[in-house]
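Asker: Quick one: the structure is below, and I'll ask about it shortly.
Read the figures in this text as sums done on the coordinates, not as results from a lab. Predicted model only: the values in this text are computed from it and were never measured.
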């Protein structure tokens, strides 16, 4: 039997559920507290402001992406391109729930760029990891920016790539990761 989820995690789950059910614009502290089954005071104990809640959601989102990347890496051959290939593959997976939450977080950071700090730190950490694994800066940066471009263009519904074109792009990025 799993231990009960912490109140903090229950609140974060509720915030995601509100976003998925009603959209980011309806994610109020009252709505999240009601969904989580906690008092507003209980929510405010963990997240004193909506911005604190959004920042925690973004941090958890980044952590989940990193965990997916680590799982993907375990299935890949060891070598200099292993970590960045796992990064490519983990971002290439389409997950409607993840995309909807990502879109909501993107909208939130558009209103408060200070919320981007966890994403900035994750970007720098990943770039450093990929370079430490043997990739040169230019190659690692090109791949990261290409992957982020693909992800953001899909989040914003800008990409009109066919499935084949998208798969070809992913294959080219994987090839580039090989050096």
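Asker: What number, rounded to the nearest 500 deg cm²/dmol, is the helix-based mean residue ellipticity at 222 nm of the chain, given -39500 (n - 2.57) per DSSP H run of at least four residues and division by all its residues?
Answerer: Helix-only estimate at 222 nm: -24500 deg cm²/dmol.
Asker: Oh, and also: Over the chain, with a Gaussian network built from C-alpha contacts below 10 Å, which listed residue (85, 74, 55) shows the highest mean-square fluctuation?
Answerer: Of the options given, 74 has the highest mean-square fluctuation.
Asker: Tell me, how many Å apart are the Cα centres for the stretch 22-51 and for the stretch 157-179?
Answerer: Comparing the Cα centres of the stretch 22-51 and the stretch 157-179, I get a distance of 38 Å.
Asker: Taking Cα atoms, how many degrees apart are the long axis of helix 82-92 and the longest axis of the chain, rounded to 10 and kept between 0 and 90?
Answerer: Helix 82-92 sits at roughly 60 degrees to that axis.
Asker: Of (1) 52, 45, 28; (2) 52, 40, 33; (3) 54, 36, 35, which is the value of Cα extents along the principal axes in Å derived from the coordinates here?
Answerer: Here Cα extents along the principal axes in Å agrees with entry (3).
Asker: A further question follows. To the nearest 10 degrees, how steeply does helix 137-155 sit against the main Cα axis of the chain, on a 0 to 90 scale?
Answerer: Roughly 50 degrees between the two axes.
Asker: Where is the GNM fluctuation largest for the chain (alpha-carbon springs, 10 angstrom cutoff): 111, 26, 148?
Answerer: Greatest mean-square fluctuation among the candidates belongs to 111.
Asker: If you don't mind, there's one more thing I want to ask. Using only Cα atoms and rounding to the nearest 10 degrees, what angle (0 to 90) does helix 7-22 make with the longest principal axis of the chain?
Answerer: For helix 7-22, the angle is close to 80 degrees.
Asker: Which residue, 127, 89, 161, has the most motion in a Gaussian network model of the chain that connects Cα atoms within less than 10 Å?
Answerer: Ranking 127, 89, 161 by mean-square fluctuation puts 161 first.
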